[in-house]
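Student: Just dropping this structure here.
Nothing in this text is a laboratory measurement; each read-out follows from the coordinates by a stated rule. Since this is a predicted model, take the numbers as computed values, not measurements. Quick reminder, even Gly has a Cβ in these numbers, built from the backbone with ideal geometry, and neighbours come from all protein chains shown.
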Amino acid sequence: MKEMKVKTESETVNRLKDELFSMIEKTMEKEAISQGEMAQRLGAQRYNINKVMRGKFAVTLDFLVRMAEALGLEVELKTKKVKD
């Protein structure tokens, strides 16, 4: 039986978080959405959004999805078969 190579969960989750954060950051800049407005949309404190945006707060994938949705973005997960 072939041994399957599996990335650790943290590698995959961190990559997804980085990609999603980048899209959130670009969208907020493009649409001139302030951290205060984002906080209001999420029902969060502006201080906490500021910490997230500066990378000073450990943020979950779930929270990033909520941020993306607050910007009107649809988040999809796609999978593809990797070569052996």
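Student: What are the residues in segment 31-78 that are exposed (fewer than 10 other Cβ atoms within 10 Å of the Cβ) and over 17 Å from the mean Cα position of the chain (by Cα), if any?
Tutor: ALA32, GLY43
Student: Restricting attention to helices (runs of 4 or more DSSP H) lying wholly within segment 11-84, give those where 3 or more residues are touching a residue at least 40 places away in the same chain (Cβ under 8 Å) and among the hydrophobic types (A, V, I, L, M, F, W, C). Walk me through how you get there before you give the answer.
Tutor: On the way: elements: 35-42, 46-53, 61-70.
The qualifying helices (runs of 4 or more DSSP H) are 61-70.
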